[in-house]
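Worksheet: the structure to be examined is printed underneath.
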Amino acid sequence: GDSVTQMEGPVTLSEEAFLTINCTYTATGYPSLFWYVQYPGEGLQLLLKATKADDKGSNKGFEATYRKETTSFHLEKGSVQVSDSAVYFCALRSMDSNYQLIWGAGTKLIIKP
Amino acid sequence: NAGVMQNPRHLVRRRGQEARLRCSPVKGHSHVYWYRQLPEEGLKFMVYLQKENIIDESGMPKERFSAEFPKEGPSILRIQQVVRGDSAAYFCASSPLLLQGSNGNTIYFGEGSWLTVV
């Protein structure tokens, strides 16, 4: 079945550091891929998405490229801020998973000033 | 959050009590989904509803859990005789069209309801 694997957290970085959070997936066909962010005490917000191979999603300085050859959708940001501290979830939707969505376990990001 | 409203945001219940979680989808959205997030885990699908119909409840526990989306009013997720293992964040989401395969339709999430069973 479909699955999503994220790097384990917490990830602790200093402000202005470069961020990479790895996400790999297994799925049938050509899934849509998503990154969601959950700030402390808040709900999920869609951060970015990509619906086909080689698409790059971007938002708020974050980027992720849909790499079919490596089945990956790694999240990157060139210079993180304290306000980026949150839990980041990678998710996919495919012909098999539809609205059920398949979620990674989440990666907690802590940015220190 | 594009207008999905959930309440209460936080709910504390003693073991054996009932918990009712409400969700008002984005205006005009007729597809509602409930997900559960256990501590330190990703979300898991529970149920998909359209107005007055349960379409897919394959992710719902067989006992104590029920969901509805009446013609008028919000969708309700009801948990009877709660146990400590029900403590989780429950997220509601809605979409204007059915999410199918890898189409680009967007799903909008509410801010979640955090249930704590003591």
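The values are calculated or read from the model by the stated rules, or taken from the named source; none is laboratory data. Treat the numbers as computed from the prediction; the structure is a model and nothing was measured. Every residue, glycine among them, receives a Cβ derived from its backbone with ideal geometry; neighbour counts consider all protein chains shown.
So here's what we get for this one:
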quantity	calculated
Residues located in the range A:88-100, provided they are of a type outside the set (Ser, Thr, Tyr), crowded, with 19+ Cβ neighbours inside 10 Å and either over 17 Å from residue B:36 (Cα atoms) or touching a residue at least 60 places away in the same chain (Cβ under 8 Å) (or both)	A:89, A:90, A:91, A:92, A:93
Residue check, residue A:16 surrounded by fewer than 17 Cβ atoms within 10 Å (Cβ to Cβ), more than 10 Å from chain B (Cβ to nearest Cβ) and touching a residue at least 24 places away in the same chain (Cβ under 8 Å)	yes
Evaluation of residue A:109 against (1) over 24 Å from residue B:23 (Cα atoms); (2) among the aliphatic types (A, V, I, L, M); (3) within 14 Å of another protein chain (Cβ to nearest Cβ) (one fails), failing number	(3)
Selected residue (criterion: modelled with the lowest pLDDT) from residues of the range A:84-99 that are within 18 Å of residue A:71 (Cα to Cα) and polar (S, T, N, Q)	A:97
Options B:4, B:26, B:32: the member that is away from chain A (no Cβ under 11 Å) and among the hydrophobic types (A, V, I, L, M, F, W, C)	B:26
So residue B:48, is it farther than 25 Å from residue B:15 by Cα and either in contact (Cβ under 8 Å) with a residue 40 or more places away in the chain or buried (at least 21 other Cβ atoms within 10 Å of the Cβ) (or both)	yes
Index of the failed condition, residue B:39 passing every other in (1) touching a residue at least 60 places away in the same chain (Cβ under 8 Å); (2) surrounded by fewer than 20 Cβ atoms within 10 Å (Cβ to Cβ); (3) assigned to a loop (DSSP other than H, G, I, E, B); (4) more than 8 Å from chain A (Cβ to nearest Cβ)	(1)
Selection within the range A:64-106 - in contact with a helix residue (DSSP H, G or I) (Cβ under 9 Å, 6 or more places away or on another chain) and within 13 Å of chain B (Cβ to nearest Cβ)	A:93
Per-region count, the range B:77-97, residues surrounded by fewer than 15 Cβ atoms within 10 Å (Cβ to Cβ) and under 16 Å from residue B:54 (Cβ atoms)	1
